[in-house]
Amino acid sequence: MHVHDDPDVESAELAARLSGGDREALAEMYRRWSPLVHTIALRSLGTREDAEDVVQQVFVAAWRGRETLRPDRGSPAAWLVGIAKHRIADVRTQRYRTHRNLQALATEAVTEAPAPDDSDWAERLLLVHELERMGDPRATVLRMAFIEDRTQDEIARALDMPLGTVKSHVRRGLIELRDRLKEVERVSSE
Amino acid sequence: MSHPSDDELVDLAVGEADDPERAAHVAGCDTCSAAVEQLRRTAQLVSGTRTYAAWQAPADDVWARVTAELDAELDAETDAESDTRTDTRTDTRTDTRTDTRTDTRTDTRTEIGAAADAKTRADAEADADAGGGTDAHTPRVADAPSVVSPVTAPAPATVTRLDRRTRRRAAGWAAGLVAASLVVGLLVGRAIWSPDTDGQVAQVALSTLDTRQRGGEATLVRAADGLDLNVATARPLDAGDGYLEVWLINADGKRMVSIGVLQPGESGTFPVTQALIEQGYVIVDISKEQFDDKPAHSGDSLLRGRLPA
């Protein structure tokens, strides 16, 4: 299954509707982005039960915090992922506490702090999602540049495209992706 | 020199820049080097992604959980109550968006109770679906009188679909016994006809089957979207370790529908339809049920009465 959404204009419209208190907008966001949120939670936490709890919490929190959605920050996907990241961190902390308490009871030993989320599932999967919805040729240019690690000259030749066009796609594409990650950071650190 | 543009910073980040002066500026500028670092990290994260992520949608009931939680919150605001159940995993079997009455009932349960109840009901429904009502279940009607009306052949019980929230239950009664208890119902149901007072359509006293002692009453009233059956008991009925269930039994003695669960000591309001009444489901019955995964009427009727036509 792939997550696709419509152009940015429609996403911004959806964000505006949610901010205005339209429950149907929340339902539409759930239809579009619950697989993204769920997959991130599932990879980060490992169990379906926890992942589904996170999905529930994210969309409930999205509704409650709809005033914090900034339609000007692009697709609401990054906003939802930011909320998800926060919730996932909460579950991890909770798990660590439970684990530590059990350990303390058993051995009175202090265990190490929870492992930081070094797998970056939230960011990585959001970027996969963004590349999927970005469309070609920009997405292909970015994949060739960063996943296949090809130079812009090579890409231009392979795609039979002027070098300036390739450069422009890399610039705009990377800036757009960077902005999405900034949004995740902004929301998850609140 | 001024700060490089975003485009120029990208070129630096991805190693496609060819202006040493800009590179020198960035190296000495915290803002710009932070920006370049951010772009590099973005590129790095892209490089670590596989082209396709195997997206996995959450289970179907998660959206219902979201709406249930939000609706519970909305109800709490409406009732001006303090919101103490924000993180409660709400009974997912109840679609609370369209049924505020059910909401209220769900919300007042404890989490464990709700879960157990959901399970019971899930099992009950599964049984009803699988069994199709052919499961012969002998009712334990206390002191059933020897009056037996002529029912010639046992007919398979028919389940009428009321709507989603009424947990219909298949009832396969031994036909003779149904008829017997039905006669009791007819005998004890002392009808009081008071048309069109406060939307009241019909009222009947509910009495015990054995001693014909009056123990409550059922009133059919016109509601905004159909009919409501209000059921009240004079004294709290003893549900033992089970629960009380309200049924509408058809006058033909062969069919019945469950219309809901009655809390001991409380009155209950159960939405019914005009069509149901017109089809002859006019005998109100309160039974004592066990949490036994058996969807059929237990046969243990506590009170009964027939609504006047």
Hey, any hits in the stretch B:280-300 for a residue that's assigned by TED's automatic domain parsing to the domain that holds B:Asp210 and touching a His at 6+ places or on another chain (Cβ under 6 Å)? yes
Among residues of the stretch A:71-99 being touching a residue at least 12 places away in the same chain (Cβ under 8 Å) and basic (Lys, Arg), the residue nearest to A:Val37 (Cα to Cα) is A:Lys85
Of B:Val272, B:Val282, the only residue that is within 23 Å of B:Val221 (Cα to Cα), free of Cβ contacts under 8 Å to residues at least 40 places away in the same chain and among the β-branched types (Val, Ile, Thr) is B:Val282
Original post:
Out of all the residues in the stretch A:14-29, is one or more buried (at least 21 other Cβ atoms within 10 Å of the Cβ) and under 14 Å from the mean Cα position of the chain (by Cα)?
Top reply: yes
Only one of B:Ala72, B:Ala64 is more than 7 Å from every other protein chain (Cβ to nearest Cβ), within 30 Å of A:Arg64 (Cα to Cα) and at pLDDT below 85, namely B:Ala72
Only one of (1) in a helix (DSSP H, G or I); (2) within 15 Å of B:Asp11 (Cα to Cα); (3) facing another protein chain (nearest Cβ under 9 Å) does not apply to A:Gly164, and that is (3)
Checklist entry - Does A:Asp149 satisfy the condition of being at positive phi and at the interface with chain B (Cβ under 10 Å from one of its Cβ atoms)? => result yes
Filtering the stretch B:254-295 for residues that are in a loop (DSSP other than H, G, I, E, B) and surrounded by 24 or more Cβ atoms within 10 Å (Cβ to Cβ) leaves a count of 1
Given (1) under 25 Å from A:Val54 (Cβ atoms); (2) modelled with pLDDT of 80 or more, A:Arg138 misses just (1)
Of the residues in the stretch A:24-70, those that are free of Cβ contacts under 8 Å to residues at least 24 places away in the same chain, more than 9 Å from every other protein chain (Cβ to nearest Cβ) and part of a helix (DSSP H, G or I) number 4
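Tally time: how many residues in the stretch A:40-70 are more than 24 Å from B:Ala72 (Cβ to Cβ) and surrounded by fewer than 18 Cβ atoms within 10 Å (Cβ to Cβ)?
The number of residues fulfilling the criteria is 3.
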Against the definition (buried (at least 16 other Cβ atoms within 10 Å of the Cβ), within 11 Å of chain B (Cβ to nearest Cβ) and either under 13 Å from the mean Cα position of the chain (by Cα) or farther than 28 Å from A:Leu42 by Cβ (or both)), how does A:Leu127 come out, yes or no? yes
Restricting the stretch B:5-60 to residues that are assigned to a loop (DSSP other than H, G, I, E, B) and more than 12 Å from chain A (Cβ to nearest Cβ), the one farthest from A:Asp179 (Cα to Cα) turns out to be B:Asp19
Filtering the stretch B:209-236 down to residues that are buried (at least 19 other Cβ atoms within 10 Å of the Cβ) and either in contact with a His (Cβ under 8 Å, 6 or more places away or on another chain) or not in a strand (DSSP E or B) (or both) yields B:Leu209
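The values are calculated or read from the model by the stated rules, or taken from the named source; none is laboratory data. If you're wondering where the values come from, they're calculated on a predicted model, not measured in any experiment. Virtual Cβ from ideal backbone geometry, glycine too; neighbours counted across all protein chains shown.
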